[in-house]
There are 2 protein chains.
Amino acid sequence: MKAKVYVTIKENVLDPQGNAVQGALHTMGFNDVSKVRIGKYLEIDLATNDRAQAEAQLKEMSEKLLANTVVEDYRIELEG
Amino acid sequence: MKAKVYVTIKENVLDPQGNAVQGALHTMGFNDVSKVRIGKYLEIDLATNDRAQAEAQLKEMSEKLLANTVVEDYRIELEG
């Protein structure tokens with residue numbers, strides 16, 4: 001089973017990386033860019049067909065390793 | 001206009017970061033994980049309502065800054 005996990009910085013938390021990219025884009029002339037937020041995008045293959053089990057495992061992986069839940073949110077998408 | 005850009009390492013390119021996360025997940029007991037690939041996920045707000053112009057700008061931003069097109073692929077999604 002294929003899963004996607006999106007890890008993004010929480011809205012109220014400063015995103016220095018996003019700000020840096022925004023500044024670089026402005027320097028390059030892309031002045032329409034009003035906000036940039038950068039996160040992680042993970043594609044994970046799981047050797048199981050049990051959706052509930054996959055979802056529970058992905059939630060646990062996200063909370064224990066993939067996301068720092070103090071400053072990051074995560075979103076899980078299961079394909080199929 | 002809100003856009004999302006996904007930057008992922010090309011399939012035939014080694015993903016050391018993905019392999020490291022996969023190893024860590026196995027160590028934590030998530031043995032169902034058979035593959036992990038990690039990429040960047042960007043949320044970009046553009047102060048324009050012209051879809052064609054937004055798409056062209058995002059393509060140029062991706063190719064010039066956001067993705068290293070030698071080893072990375074990018075995918076653009078426009079909301080609305």
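The values are calculated or read from the model by the stated rules, or taken from the named source; none is laboratory data. Being a predicted model, the structure only gives us computed values, none of them experimental. Positions of Cβ are generated from backbone atoms using ideal geometry, with glycine treated the same way; all protein chains shown enter the neighbour counts. Side chains are part of the model used for accessible areas, which takes the heavy atoms of the whole protein and leaves out ligands, DNA and RNA. Shrake-Rupley method; radii C 1.70, N 1.55, O 1.52, S 1.80 Å.
Only a single criterion out of (1) under 24 Å from residue A:67 (Cα atoms); (2) touching a Lys or Arg at 6+ places or on another chain (Cβ under 7 Å) is not satisfied by residue B:71, namely (1). Only residues that are in a loop (DSSP other than H, G, I, E, B) and charged (D, E, K, R) were counted in the stretch A:56-80, giving 1. In this structure, residue A:6 does not satisfy being buried (at least 18 other Cβ atoms within 10 Å of the Cβ), touching a Ser or Thr at 6+ places or on another chain (Cβ under 8 Å) and more than 14 Å from residue B:33 (Cβ to Cβ).
None of B:50, B:45 is over 24 Å from residue A:15 (Cβ atoms) and among the acidic types (Asp, Glu) except B:50.
Picking from residues in the stretch A:13-72 that are of a type in the set (Ser, Thr, Tyr) and open to solvent by less than 80 Å² (accessible area, probe 1.4 Å), the one that is nearest to residue B:5 (Cα to Cα) is A:41. Inclusion of residue B:76 among residues that are within 21 Å of residue A:20 (Cβ to Cβ) and at the interface with chain A (Cβ under 8 Å from one of its Cβ atoms) is not warranted. Of all the residues in the stretch A:15-46, those that are farther than 20 Å from residue A:73 by Cβ and touching a residue at least 24 places away in the same chain (Cβ under 8 Å) number 2. Based on this model, can you work out whether residue B:11 counts as within 13 Å of the chain's Cα centre (by Cα) and not in a strand (DSSP E or B)? Judged against the criteria, residue B:11 is a match.
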